[in-house]
Amino acid sequence: MPKIPVVDSHHHLWEIDKFNYSWMPEGSPLSVDYSPEDLAPLITEAGIDYTVVVQAVSSPDEAYWLLDLAERNDFIAGIIGWVDLTDPKVGYILDKLQESQYFKGVRHIWENEPDAAWIVNSGAVNGLQELVRRNLTFDFLAKPPNLPFIPEIMDKVPDMRAVVDHIAKPKIADHLVEPWLTDLRKVASINGIHCKISGMITEADHHNWTANDLRPYVHHVLGLFGTDRIMFGTDWPVCTLAGDYVTVVDTTKSILESLTLEATNDVFGGTANRFYNLNIR
């Protein structure tokens, strides 16, 4: 089996003065610009062919800006933007965004909502149904307290193609597995739900983590989802709080080195290509 293009299914780009990155603490080392020009040499060094850029601002304006960057940078294969899923006119906004071939889906910064059940209590279900009508995807940015509500929303929108970002951010630094594992098992039992092996080192001890801290969590996810529903992502530049781009790629490869070539191709490109309809070869 030939090696297929390698995809980083999850990273960000931002210009600090352009949008309000409200989730970012004041004085954060992340509060500088991160551009395609910054990323290009990193993906070359790490052996990444294509990427998917994920929203970092709760504004459709950011999505339009990211779509423009995709038009001008060959390695960007898809954009995951933000829309107000509770807006009765969300379908109109999705139609405008979908005029670009690079618009693949939507994410909401659910983890920061005061209500852990926001996804079911907010009226977002109508917006999620609009995604399904347009064959668009949804990224669940969830932490362990949010996980119990994913089966509930999937009951309401059973045809939605969805992915759990960052393996739902278990408390790796504290070596905690429950209730994350029990709740993620219920999520994984739902048809069509995928999972990103991403964002792990920033849930570990930023200064002292090792691959062995991450390994048990990755193996749980492998067992629950199977490689045909798992995709790799770096979460750059957020990952730089705990490790550089190449380190994230190499660490993930080392944890997964026992996979077959077919399974490796899935995790490092095939699953993302199919899930997001990236149309890369």
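The values are calculated or read from the model by the stated rules, or taken from the named source; none is laboratory data. Please read these numbers as outputs of a predicted model, since none were measured by experiment. As a convention, Cβ positions derive from the backbone with ideal geometry for all residues, glycine included, and neighbour counts pool all protein chains shown.
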Contacts under 8 angstrom Cβ, first residue in region 1-20 being closer than 20 Å to Leu42 by Cβ and among the small types (Gly, Ala, Ser), partner part of a loop (DSSP other than H, G, I, E, B) and modelled with pLDDT of 95 or more, 6 or more apart: Ser9/Ser198; Ser9/Gly233; Ser9/Tyr276
Failed criterion for His194 (all others in (1) more than 28 Å from Val106 (Cβ to Cβ); (2) of a type outside the set (Asp, Glu); (3) outside any loop (DSSP other than H, G, I, E, B) hold): (1)
Qualifying residue in region 65-77 (condition: crowded, with 20+ Cβ neighbours inside 10 Å and either touching a Gly at 6+ places or on another chain (Cβ under 6 Å) or not in a helix (DSSP H, G or I) (or both)): yes
Residues of region 223-242 classified as farther than 20 Å from Ala168 by Cβ and not hydroxyl-bearing (Ser, Thr, Tyr), total: 1
All helices (runs of 4 or more DSSP H) inside region 87-178 with 3 or more residues being within 20 Å of Ile193 (Cα to Cα) and without any contact (Cβ under 8 Å) to a residue 60 or more places away in the chain: 118-121, 125-133, 149-156
Residue in region 14-32 that is within 18 Å of the chain's Cα centre (by Cα), under 28 Å from Gly270 (Cβ atoms), surrounded by 12 or more Cβ atoms within 10 Å (Cβ to Cβ) and modelled with pLDDT of 95 or more present: no
Selection within region 170-199 - within 21 Å of Phe275 (Cα to Cα) and not β-branched (Val, Ile, Thr): Leu184, Arg185, Lys186, Ala188, Ser189, Asn191, Gly192, His194, Cys195, Lys196, Ser198, Gly199
Residues of region 244-281 satisfying the condition of being free of Cβ contacts under 8 Å to residues at least 60 places away in the same chain, surrounded by fewer than 20 Cβ atoms within 10 Å (Cβ to Cβ), of a type outside the set (Val, Ile, Thr) and in a helix (DSSP H, G or I): Lys253, Ser254, Ala263, Arg274
Conditions (1) among the acidic types (Asp, Glu); (2) surrounded by 15 or more Cβ atoms within 10 Å (Cβ to Cβ); (3) free of Cβ contacts under 8 Å to residues at least 12 places away in the same chain; number of the one not met by Asp84: (3)
Count of residues meeting criterion [in contact with a Phe, Trp or Tyr (Cβ under 6 Å, 6 or more places away or on another chain), more than 16 Å from Ile280 (Cα to Cα) and not in a loop (DSSP other than H, G, I, E, B)] in region 47-62: 1
